[in-house]
Each structure stands twice: as C-alpha cells, then as structure tokens.
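K.L.:
Provided herewith is a single structure, encoded as structure tokens, for subsequent inquiry.
The values are calculated or read from the model by the stated rules, or taken from the named source; none is laboratory data. Note that this is a predicted model, so its numbers are computed, not measured. Every residue, glycine as well, gets a Cβ built from its backbone with ideal geometry; the counts of neighbours run over all protein chains shown.
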Amino acid sequence: METADATPAVEGPAFGRSARALATAVMLVLLAAAWRAFDGPALAQAGSGVKLLLGGTLAMMGWLYAWILRSRTRVAGGLITQSWLWDKRAEAQAIVNAKFVYVPGLAWLIAPRLIVRTRDGVVTQFHAADPAVLRAFAELTLALRERKAGRIPTSP
C-alpha cells in the first residue's frame with residue numbers, strides 16, 4: 001500500500017523471536033518462583049498487604065509480557081507508530097533528533113530501536129524487528145541527518 005508521501009507503508013513486530021523467547025523464559029522463571037513463594041511457609045505468615053503487592057507485581061509483569069508478544073511497529077505516511085501499553089507515535093516532520101540503535105550480531109539480545117526527540121521535547125522509543133521497518137528507521141535517521149546538514153530543505 002502506497003502512502004501520500006510515496007513511501008511504502010511498512011509494519012512488523014516490535015520485538016523479534018529471540019526477544020520474545022527470552023521474555024517467555026523470564027516469565028516462566030518468575031512464575032515458578034512465584035509458585036514456590038506462594039506455596040512456601042514464609043508467605044503463609046505474611047500479611048495480606050504483602051500478598052497483594054506480590055500478586056499485583058506478577059499481574060503487571062504478565063501485562064507487560066503480553067504487550068512484548070503482540071506489539072507492532074508501523075512506518076507510513078511520515079508517521080511512526082507502535083502499539084504498546086499506551087500507543088506511541090511521532091510524525092517524521094516533527095522529529096528534531098533521532099538515534100537508531102542496532103547492534104549487529106546482538107539484535108537477539110538488544111532489541112533494535114529508534115529513539116526520537118520531537119520539537120516539543122518528547123522523547124519516544126520505537127522497537128522493531130522486521131527488516132523493512134529497520135530499513136525505514138535507517139532511512140529516516142539518514143534523512144534527518146541530511147536535513148540538519150542543510151542538504152535537504154525542510155517542509156513548512
């Protein structure tokens with residue numbers, strides 16, 4: 001699908017298979033530890049506030065884990081979006097600074113991301129695992145660098 005600015009829309013998972021597998025492994029370890037803690041004598045003697053705190057923490061971790069599994073990043077029509085606990089978005093024309101973080105060979109451990117600062121000072125981090133989205137991130141970062149160097153005129 002072509003967008004208004006003639007750039008093809010690209011979309012993909014925010015986190016790769018290895019990052020999701022690592023998150024799954026961490027969640028399984030946390031669930032096993034929680035099971036042991038809730039079944040142990042120390043927690044049986046703890047007050048209801050401690051149990052509520054531990055249960056709430058486990059619920060929050062589960063909610064974050066679910067979003068790691070389902071989060072998607074999209075670059076289309078000069079807009080970057082990522083579904084997350086709260087949806088993230090940034091318009092390309094409003095970006096004044098961008099840093100593309102990608103460590104070749106370690107993308108399985110360090111999730112690739114684009115960190116942007118917009119004119120209003122908001123810093124937003126977009127994760128991506130899809131090669132087309134990563135390419136769009138790199139192109140956006142290079143275009144911003146060219147724009148800052150004065151080689152590309154800025155749009156009003």
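K.L.:
Determine whether residue 25 is in the same structural domain as residue 140 (by TED's automatic domain parsing) and either over 19 Å from residue 101 (Cα atoms) or modelled with pLDDT under 95 (or both).
P.N.:
no
K.L.:
Sticking with this structure for a sec: For the range 24-49, give me each residue that is surrounded by 13 or more Cβ atoms within 10 Å (Cβ to Cβ), of a type in the set (A, V, I, L, M) and under 23 Å from residue 109 (Cα atoms).
P.N.:
26, 27, 30, 31
K.L.:
From 94, 66, 90, 111, which residue is in contact with a Lys or Arg (Cβ under 8 Å, 6 or more places away or on another chain) and among the hydrophobic types (A, V, I, L, M, F, W, C)? Don't jump to the end; show me each part of the working.
P.N.:
On the way: 66 fails: in contact with a Lys or Arg (Cβ under 8 Å, 6 or more places away or on another chain); 90 fails: in contact with a Lys or Arg (Cβ under 8 Å, 6 or more places away or on another chain); 111 fails: in contact with a Lys or Arg (Cβ under 8 Å, 6 or more places away or on another chain).
Residue meeting the stated conditions: 94.
K.L.:
Picking from 114, 109, 52, which residue would you name as being out of contact with any Gly (no Cβ under 7 Å at 6 or more places or on another chain), surrounded by 12 or more Cβ atoms within 10 Å (Cβ to Cβ) and of a type outside the set (Phe, Trp, Tyr)?
P.N.:
It is 114.
K.L.:
Give me the pairs: first residue in the range 6-31 and under 13 Å from residue 130 (Cα atoms), second residue among the aromatic types (Phe, Trp, Tyr), beta-carbon distance under 9 Å, and six or more apart or on different chains, which are they?
P.N.:
14/67; 14/84; 14/126; 16/108; 17/108; 18/108; 19/108
K.L.:
For the range 102-121, name all the residues that are in a loop (DSSP other than H, G, I, E, B) and under 13 Å from residue 73 (Cβ atoms).
P.N.:
111, 112
K.L.:
A follow-up question, please. Report whether or not residue 124 is polar (S, T, N, Q), in a strand (DSSP E or B) and either within 21 Å of residue 9 (Cβ to Cβ) or at pLDDT below 95 (or both). It would help to see each step written out before you state the result.
P.N.:
Working: polar (S, T, N, Q): yes; in a strand (DSSP E or B): yes; either within 21 Å of residue 9 (Cβ to Cβ) or at pLDDT below 95 (or both): yes.
Taking the combined requirement at face value, the residue satisfies it.
K.L.:
So, one more: Mind checking which residues of the range 19-49 are under 14 Å from residue 66 (Cβ atoms) and among the β-branched types (Val, Ile, Thr)?
P.N.:
Residues satisfying the conditions are 24, 26.
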